[in-house]
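What follows is a single structure, written as structure tokens, with notes after it.
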Amino acid sequence: MAAWVLLALAPAAAGVMLGFASYYGHHMVLQKEPMGAVVWGYGEPGATVTVVLSGNGGLIVMKKTAQVKGPSGTWTTVLDPMDQGGPYTLTARQGSENVTLQDIYFGDVWLCSGQSNMVMTVLQIANASRELADAARYSYIRIFAAAPARSDVELEDLERIELPWSIPTAENLGHGNFTYFSAVCWLLGRYLYEALGYPIGLVEAAWGGTPIEAWSSQRALRACGLPEDSGSISPHPHLSGPQTPSVLWNAMIHPLLNMTLRGVAWYQGEANTFLHTDLYNCTFPALVADWRWAFHAASAGQTQPLLPFGFVQLSTYRRQSPDDSFARLRWHQTADLGVVPNARLPGTFMAVAMDLCDERSPYGSVHPRDKQNVAHRLQLGARAVAYGEKDVVFQGPYPTQAILEVTKGLLNLTYSQELVCRRRDTQAFEVCCSTPCRWLPASVVAVGSHTVTLALAGCGTLVLALRYAWAEWPCEYQSCALYNTQGLPAPPFILDALPVGETPGHSKPPAERELLLLPGSSFSHGI
């Protein structure tokens, strides 16, 4: 491990050394057009640094100059937008000094962050030996991992690096358990590379057992009314990583802000089933908006303002749970709207993972080994949302209408996509028909191409709310009740069902009543 760890701040400490910032290195991928890649580093305050990009045979492609600012001793420049490809050489010169980086490619750069399910290495996942053996086939995907670090103040550069920019190998993709390199990040990058056909750069900055508050800036915390001081969160015994507000933002995200990014992948939330669960519908949208603003501003506007942001909806943990915190957290991950992108989370995409349970995982059931399906679902969303592929279906079916057949005691749901029913689970759908709420199973009577009919035994004609897959462990592996024809699971939901207002002369016949399905509010907080 020690061989990989680099001291990133040596140039700044010396004050006169010329160098690139810590996360620039041989073999790296810089963001391609239409954005310009930001390049920065250290030098003598007041001096001029010349940055030269060279192609084959030393042919100069581009030359930029930058002044070293005092007292920070840093310089920054933005390269002209470059087409995909390489290799290039990147050289920084200051007087007689020069530093050169070799084997540089231009492509798309994705940042992967979160907690332990993001940290799990390729060594730990299903079919690990085959995945590791395949690594050598993907030399145009380059990987980088920041070392876990925390700070009480915002850092300009990373304190340490766990894996410098590297060509993937079996060793650096499977360097032990929960170290480097992230399996979800790697597989997402690999699937994107296979779809896009040009270089992909992957940056991992993740730490297991960490709540969203630690990854949030003070700005984002204030937006949700959370205290920012370090003593505001008492350590939770279930969480292994730092829990102090902003300490991971300060040490692991803020130093990366100058980097021009194409997108973010986020797998986090298990820690917040123990901490501020019902604030996640604020803290997550706030983090997304804040990261977007910060990366756009720090990259001189090169990272797009609506930076594509993908995330994994929580998988499973316990079969018998003492509460519904996992179900609530999944709902809050969508800002209580069920699917994304939506008005509160524009430009986002979600991989549903509640059907990828793994009770026999040697790393605990909270760490399922099927990361291939997670990454596959993420890359579908990336292709549709980030890359604008119109024909890519990236999310499962979601209800659009409910008709209550009063005399028959049935509820007919209409879905947005063609349905595939894998299991008629009597516990999949539940209805609430009393106050305070008592949830009753609504068994599936029939499934059509776009419809599901539920029996409302014991509920009568009063339906106050409806929910689906509202459990920590809602189904067995890939066997939830509903999927689409592409094999994507219908996401969980909780919906208030309110009668549609009837106008004079246009009342519904007494035999049926249409219900207006609204995102859950009064019923979504553990009632």
## Note on the structure
Residues in the range 422-442 that are within 15 Å of MET354 (Cβ to Cβ), of a type in the set (D, E, K, R) and open to solvent by less than 100 Å² (accessible area, probe 1.4 Å) total 1
### Query
Scanning the range 38-60 for residues that are among the hydroxyl-bearing types (Ser, Thr, Tyr) and closer than 12 Å to LEU90 by Cα, which turns out most open to solvent (accessible area, probe 1.4 Å)?
THR50
#### Entry: Identity of the residue in the range 138-157, within 11 Å of TRP249 (Cα to Cα) and either basic (Lys, Arg) or out of contact with any Asp or Glu (no Cβ under 7 Å at 6 or more places or on another chain) (or both), that ends up surrounded by the fewest Cβ atoms within 10 Å (Cβ to Cβ)
VAL153
### Query
Do you know which of the residues in the range 260-269 that are open to solvent by less than 20 Å² (accessible area, probe 1.4 Å) and more than 12 Å from the chain's Cα centre (by Cα) is farthest from GLY241 (Cα to Cα)?
THR260
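Here's the yes/no breakdown for (1) more than 21 Å from GLY310 (Cβ to Cβ); (2) among the hydrophobic types (A, V, I, L, M, F, W, C):
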{"residue": "TYR138", "(1), (2)": "no, no"}
{"residue": "LEU158", "(1), (2)": "yes, yes"}
{"residue": "PRO164", "(1), (2)": "yes, no"}
{"residue": "LEU188", "(1), (2)": "no, yes"}
{"residue": "TYR191", "(1), (2)": "no, no"}
### Query
On the given criteria, is ASN117 in contact with a strand residue (DSSP E or B) (Cβ under 6 Å, 6 or more places away or on another chain) and open to solvent by 40 Å² or more (accessible area, probe 1.4 Å)?
no
### Failed item, numbered, when LEU192 is tested on (1) touching a residue at least 40 places away in the same chain (Cβ under 8 Å); (2) open to solvent by 10 Å² or more (accessible area, probe 1.4 Å); (3) in a helix (DSSP H, G or I)
(2)
### Query
With respect to the numbered conditions (1) within 27 Å of GLU33 (Cα to Cα); (2) in a loop (DSSP other than H, G, I, E, B); (3) in contact (Cβ under 8 Å) with a residue 12 or more places away in the chain, which one is the sole condition not fulfilled by TYR363?
(1)
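Residue-wise test of (1) modelled with pLDDT of 95 or more; (2) more than 30 Å from TYR317 (Cα to Cα); (3) among the β-branched types (Val, Ile, Thr).
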residue	(1), (2), (3)
ILE167	yes, yes, yes
GLY176	no, no, no
ALA183	yes, no, no
LEU188	yes, no, no
PRO199	yes, yes, no
LEU202	yes, no, no
SER232	no, no, no
TRP266	yes, no, no
### Query
How do the pairs read when you match residues in the range 112-128 that are at positive phi with residues anywhere that are of a type in the set (Ser, Thr, Tyr), using Cβ under 7 Å and keeping only pairs 6 or more apart or on different chains?
GLY114/TYR267
### Query
Pairs under 8 Å by beta carbon, first residue open to solvent by 60 Å² or more (accessible area, probe 1.4 Å) in the range 291-313, partner of a type in the set (D, E, K, R), six or more apart or different chains?
PRO305/ARG292; LEU306/ARG292
### Message
Looking at (1) of a type outside the set (Ser, Thr, Tyr); (2) over 26 Å from VAL352 (Cβ atoms); (3) open to solvent by less than 10 Å² (accessible area, probe 1.4 Å), which one does ARG160 not meet, given that it meets all the others?
### Response
(3)
### Query
Between residues in the range 61-83 that are under 15 Å from MET17 (Cα atoms) and part of a loop (DSSP other than H, G, I, E, B) and residues that are open to solvent by less than 70 Å² (accessible area, probe 1.4 Å) and of a type in the set (Gly, Ala, Ser), which pairs lie under 6 Å by C-beta distance while being six or more apart or on different chains?
VAL68/GLY43; VAL68/ALA47; GLY73/ALA12; GLY73/GLY15
### Query
Can you name the residue in the range 14-29 that is at pLDDT 95 or above and of a type in the set (A, V, I, L, M, F, W, C) and is also farthest from the chain's Cα centre (by Cα) among such residues?
LEU18
### Task
Kindly check whether there is at least one residue in the range 154-177 that is in a helix (DSSP H, G or I) and either of a type in the set (Phe, Trp, Tyr) or without any contact (Cβ under 8 Å) to a residue 24 or more places away in the chain (or both).
yes
### Lone unmet requirement of (1) closer than 19 Å to MET259 by Cα; (2) out of contact with any helix residue (DSSP H, G or I) (no Cβ under 7 Å at 6 or more places or on another chain) for ILE60
(1)
### Query
In the range 167-189, what residues are open to solvent by 10 Å² or more (accessible area, probe 1.4 Å) and either farther than 20 Å from ASP103 by Cβ or touching a helix residue (DSSP H, G or I) at 6+ places or on another chain (Cβ under 8 Å) (or both)?
THR169, ALA170, GLY174, HIS175, GLY176, ASN177, PHE178, THR179
### Task
Select, from LEU307, LEU275, the only residue that is over 14 Å from the mean Cα position of the chain (by Cα) and either modelled with pLDDT under 95 or part of a loop (DSSP other than H, G, I, E, B) (or both).
LEU275
### Summary
ALA402 vs (1) open to solvent by 40 Å² or more (accessible area, probe 1.4 Å); (2) of a type in the set (A, V, I, L, M, F, W, C); (3) more than 28 Å from LEU188 (Cα to Cα): all pass except (1)
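Does GLY347 count as in contact (Cβ under 8 Å) with a residue 24 or more places away in the chain, out of contact with any Ser or Thr (no Cβ under 7 Å at 6 or more places or on another chain) and either within 17 Å of ILE125 (Cβ to Cβ) or among the small types (Gly, Ala, Ser) (or both)?
Yes; evaluated as a whole, the condition is true for this residue.
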### Task
Return the only residue of LEU329, LEU287 being more than 14 Å from the chain's Cα centre (by Cα) and buried (at least 19 other Cβ atoms within 10 Å of the Cβ).
LEU329
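The values are calculated or read from the model by the stated rules, or taken from the named source; none is laboratory data. Bear in mind that the values here come from a model prediction, so they are computed numbers and not experimental data. Here Cβ is always computed from backbone atoms with ideal geometry, including for glycine, and neighbour counts include all displayed protein chains. Protein only, heavy atoms only, side chains kept; ligands, DNA and RNA dropped before computing areas. Shrake-Rupley method; radii C 1.70, N 1.55, O 1.52, S 1.80 Å.
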